[in-house]
């Protein structure tokens, strides 16, 4: 695919997302500024601008663009926000968030995925991303509190550590449910009496696995 063909494919994808009305102008502009092909290996680059999930290393996936757009819009990202992302994966969602907020702190259990993502961030010259290889269930207390938290792996319930690291009136977006089946994408806002949640959509995400991968 030539550079011109890639620009056209990316523009067509963004138009598709606009027609689906899953995100506003600011989020769509961020998606248009991030070439999805950069986050896939050569075997799967043909899926870069299809509205579907695609495989990445370590048995993980990069979410379909509709879901990425929906989750980003639901987070209500602001230019001054500090965001915690659980599940760096390929780095695609991270790169989109980095175009919308002040800083992204991203946690990944697979060192290989984290290192590959760092190479892509360097290509895009993203200076506002800090990454860690750690157990996502624990969040990243060192930099808390966070204005926004995005979780890109499913757990039966939102880990309490993440709730504890959310700033007052902060928003958390996460898939919640068992790994073998459909999960609910939820948006939760932290009010004076705790989390107030709403269901956004049915989704399928890889499970949030405890610990740090020892081999990858």
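Laboratory data are not the source of any read-out in this text; all were calculated from the coordinates shown. As the structure is a prediction and not an experimental result, all values here were calculated from the model. Using ideal geometry, Cβ is built from the backbone for each residue, glycine included, and neighbour counts are taken over all protein chains shown.
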**Report entry** Residues located in region 78-100, provided they are touching a strand residue (DSSP E or B) at 6+ places or on another chain (Cβ under 6 Å) and farther than 19 Å from residue 39 by Cβ
**Finding:** 81, 82, 84
**Report entry** Residue in region 5-15 that is more than 15 Å from the chain's Cα centre (by Cα), in a helix (DSSP H, G or I) and under 23 Å from residue 204 (Cβ atoms) present
**Finding:** yes
Query raised in the report: Which ranges mark the helices (runs of 4 or more DSSP H) fully within region 44-151 that have 3 or more residues being in contact (Cβ under 8 Å) with a residue 60 or more places away in the chain and surrounded by fewer than 18 Cβ atoms within 10 Å (Cβ to Cβ)?
Result: 111-123
Query raised in the report: For region 123-178, how many residues are within 22 Å of residue 68 (Cβ to Cβ) and touching a strand residue (DSSP E or B) at 6+ places or on another chain (Cβ under 8 Å)?
Result: 29
Report summary line: Taking first residues from region 179-199 that are in contact (Cβ under 8 Å) with a residue 40 or more places away in the chain and at positive phi and second residues anywhere that are part of a strand (DSSP E or B) and surrounded by 12 or more Cβ atoms within 10 Å (Cβ to Cβ), the pairs with Cβ under 6 Å that are 6 or more apart or on different chains are none
Report summary line: Across region 1-44, the tally of residues that are in contact with a strand residue (DSSP E or B) (Cβ under 7 Å, 6 or more places away or on another chain) and closer than 22 Å to residue 98 by Cα stands at 2
Requested in this report: Could you list all residues from region 29-43 that are crowded, with 16+ Cβ neighbours inside 10 Å and outside any helix (DSSP H, G or I)?
Outcome: 34, 35, 40
